[in-house]
Every structure is written in structure tokens, then in C-alpha cells.
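This report concerns only the one structure given below.
All of the numbers you see were taken from the coordinates with simple rules; none came from a lab. Note that the coordinates shown come from a computational prediction; the quantities given were computed from them, not determined experimentally. Neighbour counts are summed over all protein chains in view; Cβ atoms, including those assigned to glycine, are modelled from backbone coordinates with ideal geometry.
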Amino acid sequence: MHGRRSIILLMVALLLITLTLGGCGGNSQPAKTAEPAKKSEPSQSGPLLLNGAGATFPYPLYSKWFDEYTKVNSNVRINYQSIGSGGGINQITQKTVNFGASDGPMTDEQLSKAPGEILHIPTTSGAVAVAYNLPGIQSGLKLDAATLADIYLGKIKKWNDSRLTKLNPDLKLPATDIVVVHRSDGSGTTFIFTDYLSQVSAEWKEKVGKSTSVKWPTGLGGKGNEGVAGQILQTPGGIGYVELAYALQNKIAYAQLKNQAGKFIEPSLPATTVAAAGMADKMPADLRVSIVNSPAPDAYPIVGFTWILIYKNQDDPVKGKAVVDMLWWAIHDGQKYAEPLHYARLPEQVVKLNEAKIKSINYQGKSLLSQ
Amino acid sequence: MTIRPNLIRPQSSHQWQDQSFRLLTLVFALAMLGLVGLMVLELLQGSWLSLLRFGWSFLTDADWDPVFENFGALPFLYGTLISSLLALSIALPVSLGIALFLTEIAPQWLYRPISFVVELLAAIPSVVYGLWGLFVLAPWVRTHLQPVLSRFFGYLPFFQGPALGVGMLSAGLILAVMITPIVTAISREVIMAVPTSQREAALALGATRWEMIRLAILPYARSGLLGAVLLGLGRALGETMAVTMVIGNRPEIAISLFAPGYSMASVIANEFSEATYALYLSALMEIGLLLFGVTMLLNFLARLMLWRLTGAVAGTRE
């Protein structure tokens, strides 16, 4: 008996070792693991599994969508991993997923590395609120583009700077230091915010630029929306940017921004949709477009799209068709789930542009859309 | 050793068990070595692009700019080392004090609750420490600690600049809190392992309690205490979440402890998921390699120190 137990133990141990070594072997060859996603399994019964990966910003909306979509089309299951936009771009480039997602559009260089033509489908848009902490001033702070840029460039250091008091004649701004806060983790929110500053300030564009992480001229870094908001709330004189959804849910004071038309606009979901609509007729054909600083009179200026990335020429008719149908649903019926989750609806004009894109997705030249 | 063919015979089942157990543990031990080797290999492979592009200047360049594709690790290296050393210099005296109090002074009824609470501190997840650091510690540092420090020690360059709360000082403090339990627990075990005869001998020679601790216990426990310090330092070097929350995440080298800084583990955690191009990813990998190297080097130096120390002591005794 004694001997037999030890034999069993030994066998279990050996099995474990083989398994771990086998696992290691698989990981060291990422190129090979890319294969299965491409192969079709039309004969397989049970739901079809689609894989997506990428942006974290739209994750709450996407997980709601993919959950609701299985109720509409029970043949499809969608597994979305919010690993970040960089990961999403990498995975779609390597074809390890059926669709990618990103908060910033792919660059020309990134597109040229992909094995096929990748389409950008805007799925929703979000606004970035400029939150602040000034004791006694709960709302009504007004900022314009140049002032905001100079605060983040470290040129305006005090709250009672003449440029700020000129914008806010009815507020009694204190003589305290401005404590600038930004995101320390790479994020789509940072991309939209720095995209805005690059558009409105030549100096920012030249010195800092736009990206999911940049070299900040001044300020403290907070991790995530909660880190930035926490830092602002803890520091009198703090200013920082957070996702609008986060500011709304946590009742943080945020500023009104002067838009291109000269109006001071509070960040809101309708003002975000208006901003996207205002840019619609100027959109480039590939929809890789920045919608910050929209010319529409009621637009909030710091807003951005988030995109789903998909190959125009699909390798697999079954999975390709499933993704296309899901996307079609998302930009139409799926839009009603956006606002309850604090995402802005796509404007009608952008839905039209998306429709044309989705219709162009094909397998061997044949459109995959059901309609 | 060779495995003899008669091992599989039932009558020698005990010997068989011995052999297979030896083999099994050997495999596990070698797997550990293999794991470290694989890690270094993967890190080297991942950071190859950055190694080729920046070479040694990666270590001396203080500029980290993902937009203009220039990466230097110096501020992160500095931040990790300073915050960890600061933490150690705060935590070591405290931990040693707790350990000595528990083993030499505390009555039995106090011993158990204190050691229980100290060990409990080790079980708190680091993200909880981080949020506590951001919402409780940092504001306290800003409103209480920093004004006092700058008032009494403001002439020193370490305590100058605006009081922001978050920064190197807060990072050091939170790391000190986090490594205290492990340093305390190991120091306590090490001190308890000092033979009673050692203590009695010192006391019999007329030593006071303090002299007994200084002359009989600490020299005896030295190598074990160094082990405790190393484990604490290891945890401080690699700590990510809690540090990220309170260090201020600013890649800058400032003498003042009030100023924000950045650590190697933090920048990896912050930027890895959104690193959108190969060189950027590779630079982050190289930071990981560097962190690995720093940990190894510090371990090596500590062992060297210990070896010199015990060698010298042995020399004087003979």
C-alpha cells in the first residue's frame, strides 16, 4: 500500500512537470499560437467563439454589448479582453484575434506592418473632463484652450494668475499654487487630452506631442481615473483630467471649456455627440479622425472616438460574417446601451459612414453582411 | 548517482522511495534554476531592440519620452533605489526594536497579540496599502509631516520644496510599513535562535540587558538579520501598486524627498499595457531586466559584505 501511494504521487508529479514544460514550449513560440484563430471550424456545433482584445476605455460598454448580443444571436459568443490599446493593435496585426480595439487610431507605420488592410470603425465616443479642487468653488470655473495648455506646460502657476481671473470675473480665485495632475498609466484618456492640447497649442505639439503616455512638462502622475481624482480631491489647488463618466459618477467639480465657436460648454454626453457630428463632414475616408476642438457651436472640445479594428479582407467566411453582423448591431441597436453607461451615442452621420465601411468587409470579394 | 535495476523490486521499496524522492526534489530544484535562466533569456530577448538602440546610455539618460522615442532609465533607477533605501532605513530600526522587545522583554500575554498583529500586516494586499497611502498617508504627510520637517530641517536639501503629500517621502514611508512585518518576523526568529547560554554568559559577566543584546545577541544573529534585511529590501525594490499610488510618477531626479519620483516597477505597470510600438515595449522590458539586475547585484553585495564580516570576526577570534 505504501509503495503504491508513492507511485501514484510520483506519477502525478511527473504529469505536472510534463504539463508545465509543455506549457513553456507553447509560450516560446507565439507565432504558432496565432494559427488557430484563422482556421475555420464550420462543422463544429455549439456557439461560435469570437475573440477580441484591446482598449480599456470602452470595456464596460463592450462587455454590456457582447452580453446583450448573445441574447440577439445565440450562436455567437464574444470573448473580449481589455488588455489596452497597444495590445489590441499588436494582436490584430498578428491576427491572433478576430477584431482589435483601440482608443487611438493606428499610425501609418503600424498599418503598413499589418498583413492586410485594417478598417477603423468608431463605436462610441467619450469626453474628458477637467476636474479641479478649489475650496469654496464647487462649479463654474471657466477655462479656454490657451490657458489650459499653459497650465499643463507649467507656465501658469497660480490660481489668481491674471489670465485665469480674466476668464472668471465672478469667481474669487485664491493665490494658491496650481497642482497639475495627469494620468501616469498609458490611457486613451491621455491620448484624447494631449490630442486636444496639440491641436490648440503649437508649443505643446512641438514640445510634448500626443500619445497614450507623454513626457509631461510638469505635474504629478496618478494611476487610473481613481488615482487622478484622488490626488485632486486631496490637494487644494489641484487640477487634472478624468473620463467624464468617472467625474459624473463621483461628483467631482469640473470646468467649462471655451470651444472653437467661443461658447463655454460643460462636458456632457449630448455635447460629446454634437462634437462628433460637427466633424462628420470633414472626416477622412479611413475614419482615423480626431474629433477634438469641434467647430459645432454646442460641442464640448475634449472628446474622442474609440475604434474597433478589423481586416477588410476576412480569411474565414463564418467568423468574418459573425463579426460583421455583430458590428452592424453594435452601431445601430447597440447604441441604446451607451448613455446609461456614460458613453456618448454615435451621431447619425457617423453611423452612415460606418455602414459603408462594414459593407465593404468581404470574403474573397463578397460582402459578408447579411442585410 | 546511478539508478540500479533492482530498485523496482518490491522488497527494496524503501530504497526506491528514497531514490525517487531524491530525484523529484532534484528536478524541482533544477526547475527553479531553469526558471531564472529562462526569465533572463526572455528579458534579454524582449529588450534586444532597446539594448541595440540605446546601449549603455540607457542607464545614464534621464529622458523618458514615448512620443519622441527616446528612453533613459536613470530616474527610475534612482527612484527605486532611494525609495527602497529610505524604507529600509526607517523599517530596520523599528523592526529590530519590535523583534528585540518581543523576544527579550515582552511578557507572554503581550507577545502573542503583538506578533499576531505584525504578521497580519503582511497579509494586506498592496493595492489596499496604495489606496490607504493615497487617501490617508499622503494627505497626512502634506499637512503634518512635511511642514514640521521643512520647519526644523528645512536647511537640508532633502526637505525643501512645496509640500505635495505624494512623492519620494511618502513612497519610502509606505514601503517601510509594508516591509516591517517581514523584517520583524524573521529578525524575531533569528534572535530567538540565539542560544540561551549565550545570553546567560553575558548576564553572568555583569552585563546589563542592553549590553547583553549588543554584545551577545546581535553579533550572533548578524547573518540571519542580514537575511531579514535582504528579504525586506527585495520586497521594497519590486513593490509596484502601493508605490505607484504615492510616489507621484514623475521621471525626474530631485535631491529633495518632498519631490515626486518614479520607480522601475511603477513605470512598467503604468505603461506596459498601452505601449503601442516595439521600441517602447522593448525599453520597458529593459527596465525589467535592469530591475532584475539590481536585485541580483544588491543580493550579491550583501552576501559579500556578510562574508567579509564573518570572515573578519573569525580571524580575530583565532
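Odds and ends about this structure:
- Peptide A:216-228 shows a mean partner chain C-beta count of 5 within 10 Å per residue C-beta.
- Tail beyond 25 Å, pair distance distribution of chain A (Cα, percent): 58 percent
- Prolate/oblate/rounded label for the protein assembly as shown (Cα gyration tensor, a/c 1.5): oblate
- Counting Cβ atoms of other protein chains within 10 Å of each residue's Cβ and taking the mean over peptide A:208-215 gives 6.
- Radius of gyration and maximum dimension Dmax of the range B:53-317, Cα, Å: 21.0, 71
- Shape of the range A:127-282, Cα gyration tensor, a/c cut at 1.5: rounded
- Shape class of the range A:269-348 from the Cα gyration tensor (axes a ≥ b ≥ c, square roots of the eigenvalues): oblate, since a/c reaches 1.5 or more and a/b does not exceed b/c.
- Taken along the Cα-to-beta-carbon direction at a fixed 7 Å, the label points for B:S57 and A:Y59 span 3.7 nm.
- DSSP assigns beta bridges within the protein assembly as shown; of those with both partners inside it, close to 60 percent run antiparallel.
- Antiparallel DSSP beta bridges within the range A:127-282, percent to nearest 5: 55 percent
- A:E206/A:E348 FRET efficiency (R0 41 Å; Cβ-Cβ; nearest 0.05): 0.65
- Looking at the range A:256-305, the trypsin sites (Lys or Arg not before Pro) that sit in a DSSP loop and have at most 16 other Cβ atoms within 10 Å of their own Cβ are A:K263.
- Rounded Å value of the spacing that divides the Cα centres of the range A:131-192 and the range B:271-306: 37 Å
- Max mean-square fluctuation residue, GNM over chain B, Cα-Cα springs under 10 Å, options B:I268, B:I253, B:I114: B:I114
- Test item: B:260-271 mean partner chain Cβ contacts at 10 Å: 3
- Mean-position separation - Cα centroids, the range B:67-146 and the range B:217-258, in angstrom: 8 Å
- Spatial separation of Cα centroids for the range A:325-371 and the range A:214-261, in angstrom: 32 Å
- Average Cα contact separation per residue, the range B:53-317, under 8 Å, 6 or more apart, as relative contact order %: 27 percent
- For chain B, the longest site-free run once chymotrypsin sites (Phe, Trp or Tyr not before Pro) in DSSP loop states with at most 14 other Cβ atoms within 10 Å are removed: B:156-318
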